[in-house]
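Below: the structure, in structure tokens.
No lab work stands behind these numbers, since they all come straight from the coordinates. These numbers were taken from a predicted model, which means no experiment stands behind them. Virtual Cβ from ideal backbone geometry, glycine too; neighbours counted across all protein chains shown.
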There are 2 protein chains.
Amino acid sequence: MAETNRVWLLAQRPDGRPDMDCFEFAERQRPVPGDGEVLVRTLYMSVDPYMRGRMRDAESYAEPWTVGEPMQAGVVGEIVASNHHAWEEGDVVNGNLRWADYAIAKGHELVGVNPDLAPVSTALGVLGMPARTAYFGLLDVGDPKPGDTVVVSGAAGAVGSVVGQIARHAGCRVVGVAGSEEKISWLTDELGFDAAINYKDDDVRARVREACPDGVDVYFDNVGGPVTDAVMDNLSVRARVVICGQISLYNAQERPTGPRHFGTLIQKRARVEGILVRDYEDRYEEANERLARWVNDGTVQYRETVTDGLERAPEAFLGLFDGENIGKQLVQVAEYGDEE
Amino acid sequence: MAETNRVWLLAQRPDGRPDMDCFEFAERQRPVPGDGEVLVRTLYMSVDPYMRGRMRDAESYAEPWTVGEPMQAGVVGEIVASNHHAWEEGDVVNGNLRWADYAIAKGHELVGVNPDLAPVSTALGVLGMPARTAYFGLLDVGDPKPGDTVVVSGAAGAVGSVVGQIARHAGCRVVGVAGSEEKISWLTDELGFDAAINYKDDDVRARVREACPDGVDVYFDNVGGPVTDAVMDNLSVRARVVICGQISLYNAQERPTGPRHFGTLIQKRARVEGILVRDYEDRYEEANERLARWVNDGTVQYRETVTDGLERAPEAFLGLFDGENIGKQLVQVAEYGDEE
């Protein structure tokens, strides 16, 4: 086992779009777990759009990251040393750890991952936080009924692709909005979306109107901005809009402006609601069970975009803002089962 | 009874703020009721912000008015001729009629008004549509809990003043936003609002923050625009925003733009929902009974701004956009009980 630990630090807060100056790759001593703690070797780390919010020094639902300190990430890793009764060497776990080769965790903050059930990386994607976000956001807030038309933006992402497939399973017509022909093909040819719109090439407003002649009953929004404006102008009466992410706006240097939509909400008696998955923590078990079943029986398919090597983690993160990933964007840091 | 009937017609659709060119005062023959119809003499007619929407030629929740045709209004009037079994001469009724001295109505489209219970004008205000809007919008959509902080814009209007008083009755801290010192005094000195903000003089954002140190749990919005922006930036977690009106935007010639608020909804897991009172038609009885009790026992106080004479109806309507009214804006067309 290596004595050193490579760690990504937040070098400075971004102003607008983050670049490599925001990240510093440091070499530290491999940490030693104390009482009740374990040492986790990172196998996969997740990069997610929400991390852009953590880089900002502003009040939000979570503390901002500290400049000069390691950045945090959802991690799937292997226990390599344990001072906690629940874990032993070789166990695979999931937790909120670090952009690093190794991290210390308190034993009770980790969740076990069964490597026999599915590839361990899925604990960060289709069996993890993004899929639970899709599950609760769509079903609890979006409240889809069979026959409803559901539009999802960021449809080929880790959350959006699951939203669309659950909506199909719930008997809805599903229209996805994504940013490349490869994504569009995946959505319509493989995932069974009824239609998909390429926001980079198509007239989104016209295509939404065409694909949703009776209006949009549920809109699950991961991106915000002009795509969302186009959908908001095509809501049906009593539409439900789930705001999960606004990735197109996260790098704005000025406060983003756009058309005001509240008048539409009166005309359509529509509802817009923000969602944060951790508010559903006491129901994770429910989501986990269903998602595992759906992945197992093929109801929910998935793709992962895996960037190889911890040194490329910032690049993987920055790629999210260009929509470079299809499905869940991961960074592979080490190979599961590798001897060190 | 006069043989003529003065009627306001929609002369042309406004572009931006309506002016007198939009209205034509015509003299017609007094109409004669057919089978199942009655002739109603207007006592009071209501002017309301929503009418601006009817002047527009655009899809909405109701048909636009037709150019060259009489404009419609909520009316309290007296039956002066009846061919319908339910009504006889002298009955006071409430219905959606016209900007006119007289109008024909089908008997089943009218609701009786008991002149012994309250001044008949209240059927258009504190015992009518605006108060029911306040009732359902606040209680059903806003879902206030005792101890919540409720902010209402257009707080001295027909809807807002009732919202604030019901919220107080529900055990909430109530902050109103209005546009004159006279209104502010009415809200705080007479209606028991905990605070009131004059959006014309005050720094609304700073005053909202000061008056709502724990954030805004419920925002009932009648106005939209910058006032709403200031409140949206001070929501508490799980806040409910009720969109009832957007009067500050109704006369915009270009589509109004402003700061995007959907990101805030994620951070606060807040909900924004539009309301239209007629969706609650099957529960009007419930609202009517409670409002009558509350007006009777002083829980809900009210004021009316009465403009005298049908000829001044456009002026009364246009005054809404300058916030000239305190409480319900009415036009008195004839005196109740007057012999003609």
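Within the stretch A:129-278, the ratio Rg/Rh, alpha carbon atoms throughout and Rh by Kirkwood, equals 0.93. Scalar couplings 3J(HN,Hα) for the stretch B:63-68, obtained by applying the Karplus form with A = 6.51, B = -1.76, C = 1.60 to θ = phi - 60°, are 5, x, 5, 9, 5, x Hz; x denotes Gly and Pro. Taking the Kirkwood radius as Rh and the Cα radius of gyration as Rg, the protein assembly as shown has a ratio of Rg/Rh equal to 1.07.
Each semi-axis of the equivalent ellipsoid for chain B is √(5λ) with λ an eigenvalue of the Cα gyration tensor; in descending order they amount to 36, 22, 17 Å.
In the stretch B:1-69, the inverse of the mean reciprocal separation of distinct Cα atoms equals 14.1 Å; this is its Kirkwood hydrodynamic radius.
Counting only DSSP beta bridges with both residues in the protein assembly as shown, what percent are antiparallel, rounded to the nearest 5? If I count the DSSP bridges inside the protein assembly as shown, around 55 percent turn out antiparallel. A DSSP coil position with no more than 10 other Cβ atoms inside 10 Å describes the following GluC sites (Glu not before Pro) in the stretch B:1-102: B:E3, B:E59. For the stretch B:68-94, list residues with backbone N below 20 Å from a point placed 7 Å from the Cα of B:D35 toward its Cβ? B:81-88, by backbone N distance to the label point. Normalising the average separation of contacting C-alpha pairs (under 8 angstrom, six or more residues apart) by the number of residues puts the relative contact order of chain B at 18 percent. Treat each spin label as a single point 7 Å out from the Cα along the C-beta direction, and report the A:N296 to A:R17 distance in nm. Result for the modelled spin labels: 4.4 nm. Sites listed here are chymotrypsin sites (Phe, Trp or Tyr not before Pro) in the stretch A:286-340 whose DSSP assignment is loop and whose Cβ has at most 12 other Cβ atoms within 10 Å, and the list is empty. As an exercise, identify the chymotrypsin sites (Phe, Trp or Tyr not before Pro) in the stretch A:215-252 lying in DSSP coil whose Cβ has no more than 16 other Cβ atoms within 10 Å. Those that pass, being in a loop and sparsely packed, number zero. The stretch B:282-340 and the stretch A:113-166 have Cα centres spaced 51 Å apart.
Considering helices alone, the calculated mean residue ellipticity of chain A at 222 nm is -5500 deg cm²/dmol, with DSSP H runs of length four and up weighted by -39500 (n - 2.57) and normalised per residue. If you run the Gaussian network model on chain A, springs between alpha carbon atoms under 10 Å, then out of A:G95, A:G176, A:G160 the most flexible one is A:G95. Here, the stretch B:217-331 is characterised by an Rg to Rh ratio of 1.03, where Rg is the alpha-carbon radius of gyration and Rh the Kirkwood radius. If you build a Gaussian network model of chain B, linking Cα atoms that sit under 10 Å apart, which residue out of B:V295, B:V163, B:V306 swings the most? Residue with maximal mean-square fluctuation among B:V295, B:V163, B:V306: B:V295. With a Förster radius of 22 Å applied to the C-beta separation of A:D233 and A:S185, the computed FRET efficiency comes to 0.25.
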